[in-house]
Amino acid sequence: MTKNITSLYDFFETFPDEQSAIDHLRSIRWGENDEKASCPHCGSRKVYHFSNNRQHKCGSCRKKFSIKVGTIFEDSKVPLRKWMAAIWMITSHKKGIASTQLAKDINVTQKTAWFMLHRLRHAAQTESFNKPLDGEVEMDETYIGGKEKNKHLSKRTKGQQGGKGKTIVFGMLEREGDVRAHKVERFTSTTVKQLVSENVEASATLFTDDHMSYGVLDQNYCRHSVNHRSGEYVRHYCIHTNGIEGVWSLFKRQIIGIHHWISPKHTDLYLGEMCYRYNKRDMNEGQRINDFLTRVGGRLTYKALIA
């Protein structure tokens, strides 16, 4: 599929029935002529296809299976067409979609929609290989959580102003490239050094603010910083962290405007969703569906999600 699906109406015209959705997932996973077909149970390439185009059988282990086995769609009673509609919504809406709205749009319960969205966020977050960031890389930390002064007096906690008591998120943005973001338990020089070494090439030039935890990076990287405490936000036109701060603005708008609140436990899943949309921003909406369907391998059970 190369069509740019610009609306939900376009989506349902492109996939008019359940079989069209199944056939498309099959072409993504196995190729147009099933040249990559394999058994999800034993890995054998000897696969037979039933005449209904929905069931398959392994010639080696003799087990029957569908194209959904071994993916995030396995054991789901929700039709694949609804799953793909959810993929279109979560990848095309700039700030994502709430489970309450998805439940209404595709006619499922809110609990089902919530679990579907978290499975999709799990798929967006999972990638077999991440090319290290290089060139000019901005990095910054931010804090997720409401202000104490906005809470009811009985729910305020002393000493929680600023970043205390909030979820800490650290991000890295390659200018004109990808963004990476992670929840961290503590924002220290040790944390910064580990995450940067895992995600950024040694040849990159770094741009940070004046937080003292970034000082450890000077040992292995060329780094420039701006002093936010003195009101400095841009120096010499190129030394700034405005790009990554724009990413934080987008993420916080997603939380405030769509979800209203997110659990600290699932913050990384929401970050993965946001980063996926940002990193695939140059694709049209049909291409994003195809790309997303290449990531759906592996299961996420409800028990594992809420554990």
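Only the coordinates and a few stated rules stand behind these numbers; no lab work does. All figures in this text were calculated on a predicted structure; none of them were measured in a lab. Neighbour counts are summed over all protein chains in view; Cβ atoms, including those assigned to glycine, are modelled from backbone coordinates with ideal geometry.
Structure values in brief
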| quantity | calculated |
| --- | --- |
| Potential lengthening between Lys131 and Lys151 on full extension [0.36 nm per residue; Cα-Cα distance subtracted] | 3.0 nm |
| Cα centroid of segment 265-307 to Cα centroid of segment 59-73, whole Å | 22 Å |
| Gain upon complete extension [Ser44, His266; 0.36 nm per residue less C-alpha separation] | 76.3 nm |
| Theoretical gain in end-to-end length, Ser197 to Asp17 [0.36 nm per residue, Cα-Cα removed] | 60.1 nm |
| Cysteines (scope the chain) whose Cβ has no counterpart Cys Cβ under 4.7 Å | Cys222, Cys238, Cys275 |
| Net charge contributed by nearby residues that have their C-beta within less than 11 Å of Gly298 (K/R +1, D/E -1) | +2 |
| Option label - log10 I(q)/I(0) by the Debye sum over Cα atoms at q = 0.09, 0.14 Å⁻¹ computed here, alternatives (i) -0.55, -1.12; (ii) -0.47, -1.09; (iii) -0.56, -1.01 | (i) |
| Charge context of Arg229, other residues only, Cβ under 9 angstrom, K/R +1, D/E -1 | -3 |
| Proxy reagent accessibility, fewest Cβ within 10 Å first, across Cys238, Cys39 | Cys238, Cys39 |
| Helix 242-254 axis, angle to the chain major axis (alpha carbon atoms, nearest 10°) | 60 degrees |
| Loop GluC sites (Glu not before Pro), segment 1-58 (other Cβ atoms within 10 Å of the site Cβ: 16 or fewer; DSSP) | Glu32, Glu35 |
| Calculated from backbone phi, Karplus (6.51, -1.76, 1.60) coupling profile of segment 57-62 in Hz, x at Gly/Pro | 9, 7, x, 9, 8, 6 |
| Residues Arg229 and Asp291, FRET efficiency given R0 of 51 Å [Cβ-Cβ distance, rounded to 0.05] | 0.80 |
| Glu74-Glu176 FRET efficiency (beta carbon distance; Förster radius 45 Å; 0.05 resolution) | 0.75 |
| Relative packing of peptides 275-286, 109-120, 249-260 - highest average C-beta neighbours within 10 Å first | 109-120, 275-286, 249-260 |
| Segments 239-246, 74-81 sorted - mean Cβ within 10 Å per residue, highest first | 239-246, 74-81 |
| For the chain, calculated [θ]222 nm from helices alone, where every DSSP H run of n ≥ 4 adds -39500 (n - 2.57) | -10500 deg cm²/dmol |
| Theoretical FRET efficiency, 1/(1+(r/R0)^6), r = Cβ-Cβ of Lys111 and Asn53, R0 41 Å, to 0.05 | 0.85 |
| Packing-based ranking, highest mean first, of 166-176, 212-222 given that Cβ atoms within 10 Å are counted | 166-176, 212-222 |
